[in-house]
Structure formats: structure tokens, C-alpha cells
Amino acid sequence: MPGEYTPHTYESLVRLGAWMPFEEAAETLAGILRVRVSGSAAVRRTEEAGAAYVAIQADEVAELERKAPPAPAGVEQMVFSGDGAMVPVLHGEWKEVRTLVIGEVSGATSGESRTQAQSYFSRLASAEEFTRLALVETHRRGVENSRRVGAVVDGAEWLQGLIDYHAPQAVRILDFAHAAQRIAAIATLLPHATSDAAQEWLMASLHTLKHEGASKVLAELRHLQAQVPDNEAFTDHLAYLEKRQEQMRYPEFIAQGWPIGSGIVESANKLVVEARLKGAGMHWQPANVNPMLALRNIVCSNRWDEAWPQIENHLRCQANLKRRQQSQQRFKSRCPKTQVATLAQAPLAPQPSISRPLADVQMPDPAPTPQLDQHRGPKRPAPDHPWRRSPIGSARYRSAHPAKS
């Protein structure tokens, strides 16, 4: 692992940093493991682990787009919802973080439907990029192969594109609270109505919308519009509701066990995004938002034991690659011009050309190799050898052979 910490210390530090501010994470780690870590180290290790998981998921999306493997098996009834939340970044700016929540609907047949096994995917990205990256989560959950899929969203156009991309077969449900907000705005525009009368009319209209459907409410709104034909706000609210009439079949949705509110994604905005990224005095570097969101997704989805081995392996590979690169740089700095590089750059000597076929060229016979006589030792120089005529040689010879001299 990169750094000086053991793998268990590294993992514990990152996990704590995903739940609480970095200084508190360092103090908590020191209290539990008796390991002293600075706040800056907690920031650095947590953000690099989150960035590793962002890269892992980006690679998975590219692999899914390239190979298009079959999706895993889905469940009987699945619901998902999306929404955005604002987070503070540097220089007093705010950026929108988009979140997708996927869950299983249980108890629909008994009339007490509830959503469970929720998982989250959040990114600071444009609507088009978010829709593409969310493929890693919709594929993992088997949305494509679920028997029944419902999408509870508000009226934002980018959410309709999200549904078209991931689950065009889904039952589209307009969040009941958003429909109620439009009708409440119309109630304030009713002519000759007091606040009490407008409130009474609003409660009756919402009860009708939930238990009888949108047809009767829309008919009444058209009748009221005739009394204020020049009111642009009234016209805009009515057009919004008429465009989404098919998404307001609330009695039918309730009978089928679908939730009619997007509470799961509103809770996700608070739990996943705001609880960690909107603390007092927090201002994030835009590049560090997605790494933290990636960690928040896995800890809030109870997927840490599944995701951390992938993160750890990615970090190990990065550390090994960095070590190899540093080793190569040190080698180049010490040996800028090695012999191998010199020989590789040296021009080759020209080879003689052969005009005739190789078979016609007569090569000279090799010189005979002198054979040593293994039965005799080294021979003495002959009497007339020049060595004997030298003063030193003759003196040595006479002293060694006095009879011959």
C-alpha cells in the first residue's frame, strides 16, 4: 500500500474519513488503534482511495459499453428515483450533485409496500455524463432484467432522459409532492378566494387527485382558467400538469404497490450527500467531490466489504507503477548514456556485396591447426637459435650445460 501505514490502518482511516470530518477521523483512529495520523494525511489517503474507486467504476462503464454483457438477474419489483442536491465548492460557488437510488419493492401484494435494499450512485457531472456513468449501478442491480420497474421522479427533463436510457419499460410516476406544489400554487391564484377558502379547495383537490386520479382535477382547473385567461402563472402550472397526466394515475399506482413519492432520493440527498459534504465551514475542491461521493455510495449502501478489495488492489498497482517509474528515472539520471544506448545508435559497418551466388564462392582452406605432442614435453631451443647467441642466453646455457660449452 502507498504510504507508511499497514493495510488495516489504511482501510480504517479511509472508512472513518468517509463518515466524518477528516480531523475527527484522525482522532478516532488514534483512540481505536493507537495510531497517530495527521488531519492532512487523513485527507490525502481518503481522497486517493475515493479517486481509485471513481477510476474503477469509469473503467467498468467503458467495459460495459464495449462488450455489452447480459445484465444479472433482477427482482420481481424494483423502483428507482433521481434528484439533485447543491454542495459548496471553493470561492463561494455551489455545484449540483446528482444521485440515483435503486431499491426493491416488497409487500406490494399485501397493500403495505415498502422500499428496501437501497443502493446509491452520486456524481458531480452533467446530466448526460451522469446518465452514462450510472450504467455501472443499474447493470449491477439488474434493472434491465427486473420483471417490473417503476421510476418515481419530479418533472425535470434530465430525469426523463435517465429513464429512457436505463429503463424505458419503467412505469413513470410523477412525485405526488411536486404535483401538489403546482396545485397549491394555483390555489393562491384563484379569483375572489380567501386564504381559508383556497386552503379548503386545495385539500379537496389533493384528495381527489390521490384517490380518483388526475382527470377530474384537470377538468376543474381548465374551468377555473377560463375565469383568468390572462394569468400566465396559472397557464404555466396547468400546462405542467396536463403534460404529465399519464404520470399522475395515483389510484392505479397505489393498487399496484408502487410508491407515489420520491422520498427515497430526498433521503439519499440528506444521507449520502449533505451529511458529509455540507458540514459547517466546508468548501470542496471540485476535483475532490466525486472521490468522496464514491466512498459515500459504498458505505451508505453497505457495500464496503465488496468494494474495498477492489480499491486496495487498485492502490497497490498504482504504488508499484510509481515505484517502477521512480526507479527508471533514477537509473536514467545516473547513467544518461549507457553502453547499450551507444551501441544502439552507432551505425552498422557496411557489408561487402557478393556478385556471385554463395555456392560459387570458393573460400580458402583454413590454416592447419598445430597439434601438440602429448608424449613429449616442451622442446629446448636448437643450438643455433638466436636466443643462444644472446649474451644472457649463452651464459645461461653454458651454466646449465657446462659439458657442452
Flag if Gln199 is out of contact with any Leu (no Cβ under 6 Å at 6 or more places or on another chain), farther than 30 Å from Ala151 by Cβ and in a loop (DSSP other than H, G, I, E, B): no
Condition check for Ala127: more than 21 Å from the chain's Cα centre (by Cα) and either over 24 Å from Pro70 (Cα atoms) or crowded, with 18+ Cβ neighbours inside 10 Å (or both): no
Search result, residues across segment 133-171 that are crowded, with 19+ Cβ neighbours inside 10 Å and among the basic types (Lys, Arg): Arg141
Residue that is surrounded by the fewest Cβ atoms within 10 Å (Cβ to Cβ) [pool: residues in segment 225-256 that are of a type in the set (A, V, I, L, M) and either touching a strand residue (DSSP E or B) at 6+ places or on another chain (Cβ under 6 Å) or more than 21 Å from Glu157 (Cα to Cα) (or both)]: Ala226
Output for segment 67-91, where each listed residue is within 24 Å of Arg140 (Cα to Cα), open to solvent by 40 Å² or more (accessible area, probe 1.4 Å) and outside any loop (DSSP other than H, G, I, E, B): Lys67
Residue in segment 40-56 that is open to solvent by 50 Å² or more (accessible area, probe 1.4 Å) and outside any helix (DSSP H, G or I) present: no
Number of the exception - Met86 against (1) more than 30 Å from Asp154 (Cβ to Cβ); (2) without any contact (Cβ under 8 Å) to a residue 40 or more places away in the chain: (1)
Test set (1) of a type in the set (Gly, Ala, Ser); (2) over 30 Å from Gln256 (Cβ atoms); (3) touching a helix residue (DSSP H, G or I) at 6+ places or on another chain (Cβ under 9 Å) - Gly92 fails condition number: (3)
Boolean, Phe121 is assigned to a helix (DSSP H, G or I) and at pLDDT 95 or above: no
Selection from segment 92-114 of residues that are under 19 Å from Ile298 (Cα atoms) and open to solvent by 40 Å² or more (accessible area, probe 1.4 Å): Glu104
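The values are calculated or read from the model by the stated rules, or taken from the named source; none is laboratory data. What you see is a predicted model, and the numbers here were worked out from it, not measured in a lab. When we count neighbours, we look across all protein chains shown, and the Cβ atoms used for this are built from the backbone with ideal geometry, even at glycine. What goes into the accessible areas is simple: the full protein's heavy atoms, side chains included, and nothing from ligands, DNA or RNA. Shrake-Rupley method; radii C 1.70, N 1.55, O 1.52, S 1.80 Å.
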